[in-house]
Amino acid sequence: MASKVKSLKVHLQFFGKKDNRLKEIEDRLEEIRGMMDDDEKRGDAKFSDLEKEVRDLKEEKSELEARQRMLDDQEEERDDDEEQRDEEDDKDIEERKEELTDEQREALGGNLSGKGNSAEKREKEVRKAFGRFVAGQITETEARELGIVTGNGAITVPKQIAKEVISYAQENNPLRKYGTPHRTKTTQGFPILVKKANAQGHKDERTTSNPMPETSIEFDEIELEPTEFDALATVTKKLLKRSDIAVEEIVIEELKKAYVRKESQYFFRGDEVNNLNPGSLAKKAVAFTIPDGERPDLKVGQQVYDALVDFKNSVIASVRKRSMFMINDAALTLIEKMKTTDGFPIFKPFEQARDGFDGKILGFNTVVTEFADKSDVDTDTPMIYFGDFKTFHYQDVMGSMEVNRLVELYAKSNLVGLQIYNIVDGQLIYSPLEPTMYKYEVVPNTPAP
């Protein structure tokens with residue numbers, strides 16, 4: 001315990017120093033930005049010297065962050081060792097309980113029932129039982145005894161695992177992360193009201209001949225109507241038959257990946273046959289268009305930059321202040337390659353992170369995701385979304401997630417299909433008088449013949 005406290009003190013001491021130094025680095029980088037944008041501030045300083053200083057500062061920042069991660073990992077390892085010792089102590093107690101009388105065993109069990117790790121142990125047991133049953137390693141009767149609910153060939157996903165799947169989706173599906181959630185217990189529609197009113201201004205006093213005019217208020221009610229939603233993952237029988245691996249981890253991991261791919265496709269494009277989503281981001285966002293003769297030449301960086309500025313400013317200021325960018329990889333490549341006429345990158349190197357992107361475009365937070373691609377087969381068209389992503393609403397129906405084992409369907413391939421089923425809806429919702437989301441499909445200028 002003493003060594004752990006000492007380690008914690010060192011950890012906190014380093015953390016404080018790191019924060020101070022990181023702030024100094026950020027301040028200096030901000031100062032250099034100002035010097036690069038203003039000739040007067042730059043004075044006699046050479047661009048090459050400033051660029052070298054930026055690289056050095058970035059390297060120092062990376063080293064500080066790497067050391068912080070190392071300390072965090074060491075702390076986590078110590079916690080794991082302590083947890084393992086607790087489990088060994090529990091095992092010793094259980095062995096001792098076998099030697100006690102019924103009264104002594106009951107009393108000892110009562111004293112231990114309040115331990116904080118009992119819920120965690122139970123969760124691990126449920127997790128393991130779920131994975132083993134899905135993999136076909138235990139019978140339905142055994143699964144029921146372990147708390148797994150089954151029926152009609154389906155397995156209700158335990159709430160602990162359902163929460164893990166949704167958490168994984170939230171981290172990997174940006175529309176879940178930045179949208180507005182609505183969690184309900186029923187599949188009934190969840191209404192979203194949007195409105196906009198026009199107020200009146202006047203200088204003359206109101207009289208019988210100059211009454212107050214009616215104020216126009218526009219209401220629009222859109223209901224989130226959850227749809228049946230399923231995703232499919234396959235696992236080889238050979239893998240599931242092995243007893244020396246954590247089957248439950250493989251099963252749950254594959255289910256999470258399959259679910260995120262399907263849900264993200266529904267939220268972003270909603271173009272799957274027989275499961276169209278008219279409120280998807282791609283369908284509901286207002287298209288930003290540029291006349292044919294004014295489209296940018298994608299090889300001329302300044303033209304691309306000007307088009308981006310025009311696109312950003314096409315969003316009204318009241319919405320723009322809450323907005324962010326969401327782009328695909330093709331758009332990121334286009335933006336990073338923008339150069340001035342003398343070859344200097346417009347997307348300046350010293351404003352980027354060490355891996356090439358700092359998460360901001362034109363000063364606005366930016367997320368890069370492959371789900372923003374135009375389609376599954378068209379990943380080369382730059383797609384840029386800009387707006388208030390809080391206006392994307394999605395409804396989760398709690399307790400609706402299930403899993404089906406599809407054995408016969410894939411028997412010839414020695415695979416087992418795992419179909420995860422859920423009820424969910426996600427739509428972009430805004431007032432018809434005030435759109436909150438715009439998209440720019442970057443189409444190059446076509447030279448005249």
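Inspect all residues belonging to the range 3-18 and state whether any of them is open to solvent by 90 Å² or more (accessible area, probe 1.4 Å) and either modelled with pLDDT of 70 or more or β-branched (V, I, T) (or both). Within the range 3-18, not a single residue is open to solvent by 90 Å² or more (accessible area, probe 1.4 Å) and either modelled with pLDDT of 70 or more or β-branched (V, I, T) (or both).
Return a yes/no flag: does the range 103-114 have any residue that is surrounded by fewer than 18 Cβ atoms within 10 Å (Cβ to Cβ), at pLDDT 70 or above, among the polar types (S, T, N, Q) and more than 30 Å from G270 (Cβ to Cβ). Checked against the condition, which is being surrounded by fewer than 18 Cβ atoms within 10 Å (Cβ to Cβ), at pLDDT 70 or above, among the polar types (S, T, N, Q) and more than 30 Å from G270 (Cβ to Cβ), the range 103-114 yields no hits at all. Within the range 275-284, the set of residues being part of a helix (DSSP H, G or I), among the hydrophobic types (A, V, I, L, M, F, W, C) and open to solvent by 10 Å² or more (accessible area, probe 1.4 Å) comprises just one member, A282. If you go through the range 305-335 and keep only what is among the β-branched types (V, I, T) and within 30 Å of S431 (Cα to Cα), you end up with V309, V315, I316, V319, I327. Looking only at residues in the range 254-274 that are of a type in the set (S, T, N, Q) and either touching a residue at least 40 places away in the same chain (Cβ under 8 Å) or in a helix (DSSP H, G or I) (or both), the one that is most open to solvent (accessible area, probe 1.4 Å) is Q265. Looking only at the range 356-383, which residues are touching a Lys or Arg at 6+ places or on another chain (Cβ under 7 Å) and among the aliphatic types (A, V, I, L, M)? Result: L362, M383. Among the residues of the range 439-449, those identified as open to solvent by 30 Å² or more (accessible area, probe 1.4 Å) and touching a Ser or Thr at 6+ places or on another chain (Cβ under 9 Å) are E441, V443. Within the range 154-177, residues that are farther than 20 Å from E123 by Cβ and part of a helix (DSSP H, G or I) reach partners that are open to solvent by 10 Å² or more (accessible area, probe 1.4 Å) and aromatic (F, W, Y) with beta carbons closer than 9 Å, at six or more positions or on different chains, in the pairs N172/F371; P174/F371; L175/F371.
Being among the hydrophobic types (A, V, I, L, M, F, W, C), touching an Asp or Glu at 6+ places or on another chain (Cβ under 9 Å) and surrounded by fewer than 17 Cβ atoms within 10 Å (Cβ to Cβ): is that true of A287 here? Answer is yes for this residue. Scanning the range 303-352 for residues that are among the acidic types (D, E) and in contact (Cβ under 8 Å) with a residue 60 or more places away in the chain turns up just one, E351. Residues that are surrounded by fewer than 14 Cβ atoms within 10 Å (Cβ to Cβ) and modelled with pLDDT under 90 were ranked within the range 322-347; the one that is nearest to E441 (Cα to Cα) is T340. Which residues, taken from the range 359-415, are more than 15 Å from K177 (Cα to Cα), in a strand (DSSP E or B) and among the hydroxyl-bearing types (S, T, Y)? Scanning the range 359-415 gives a single hit, Y385.
For every residue, the table says whether it meets (1) farther than 29 Å from K159 by Cβ; (2) surrounded by 22 or more Cβ atoms within 10 Å (Cβ to Cβ).
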| position | (1), (2) |
| --- | --- |
| A372 | yes, yes |
| D378 | yes, no |
| I384 | yes, yes |
| M398 | no, no |
| E402 | no, no |
| Q427 | no, yes |
| M437 | yes, yes |
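For the range 404-425, a residue qualifies if it is surrounded by fewer than 21 Cβ atoms within 10 Å (Cβ to Cβ) and over 24 Å from G131 (Cβ atoms), and exactly one does: K412.
The values are calculated or read from the model by the stated rules, or taken from the named source; none is laboratory data. What you see is a predicted model, and the numbers here were worked out from it, not measured in a lab. Counting neighbours? That spans all protein chains shown, and the Cβs are built from the backbone with ideal geometry, glycine included. Surface accessibility is based on the protein's heavy atoms, side chains included, excluding ligands, DNA and RNA. Shrake-Rupley method; radii C 1.70, N 1.55, O 1.52, S 1.80 Å.
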